[in-house]
Amino acid sequence: MASAAESTAQICGCGNFALTDAEAALRTLKQMSMPPWWPMRSRELSKVLGVSLQTLANWRSRGTGPSPAPYMRGQGNRTMYRPDMVMAWLHGLLGKQVEPWELVIQWFFDQDILDIKTHTREHVEGVIEFYDRHRFFGKRKDSSNFIRD
C-alpha cells in the first residue's frame, strides 16, 4: 500500500514531491508580502517548493507542475510563476480545487483592502488593475474608499 505522499507524487507525476512539501510551500507562499499575481522567478519558486530548477523544468515540459506565467516583454528568457496559480496547483494536489482569483480575494482581505470575500472574478481583475496602477501599498480599507462595495 502506497503512502499518501507516494500516491500524491504518482498522481501529479511530481517525483518525490509530497503532501507535506505542498503544505509547507502553501504556508510560505501565503506569508509572502508581495501580491500573489506578481510573478516570481523560477529560482525563487524552486526554493519555496524545495525542488531543483531542473525539476521545475521537467514538470513544465510534462505539464504536471504549476503553470508558468506568460512570458513578459523585457524579461528575456526567464520563466516566471504567479504565486496565486502555484497555490491553486498546490491546493489541487491536496485535493481542494481553488481558483487563483479566489486566492487573490483572500490576499486582499488579509491585507485589509477588501471588506468582504464575496466578489466575482471580473471584479477582482478590476481591483488588481486599479491596485497595480495606483500602488496602494500601506493603504487600508478604513483610510481609502477605492474598493468598497
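What number of residues within region 42-60 satisfy the criterion of being assigned to a loop (DSSP other than H, G, I, E, B) and either in contact (Cβ under 8 Å) with a residue 12 or more places away in the chain or closer than 17 Å to Thr20 by Cβ (or both)?
Residues in region 42-60 being assigned to a loop (DSSP other than H, G, I, E, B) and either in contact (Cβ under 8 Å) with a residue 12 or more places away in the chain or closer than 17 Å to Thr20 by Cβ (or both): 2 in total.
Restricting attention to region 61-97, which residues are modelled with pLDDT of 90 or more and of a type in the set (Lys, Arg)?
Arg62, Arg82, Lys96
Can you confirm whether region 76-98 contains a residue that is touching a strand residue (DSSP E or B) at 6+ places or on another chain (Cβ under 8 Å) and without any contact (Cβ under 8 Å) to a residue 40 or more places away in the chain?
Yes: one or more hits.
Would you mind stating whether Leu53 is under 24 Å from Val124 (Cβ atoms) and modelled with pLDDT of 85 or more?
no
Restricting region 98-149 to residues that are hydroxyl-bearing (Ser, Thr, Tyr) and closer than 20 Å to Ser33 by Cβ, which is modelled with the lowest pLDDT?
Once the filter is applied, the top-ranked residue is Ser143.
Of these, Trp89, Trp37, which one is assigned to a loop (DSSP other than H, G, I, E, B), on the phi < 0 side of the Ramachandran plot and crowded, with 19+ Cβ neighbours inside 10 Å?
Trp37
The values are calculated or read from the model by the stated rules, or taken from the named source; none is laboratory data. Nothing here was measured: the structure is a model prediction, and the numbers come from that model. Backbone-built Cβ (ideal geometry, glycine too); neighbour counts: all protein chains shown.
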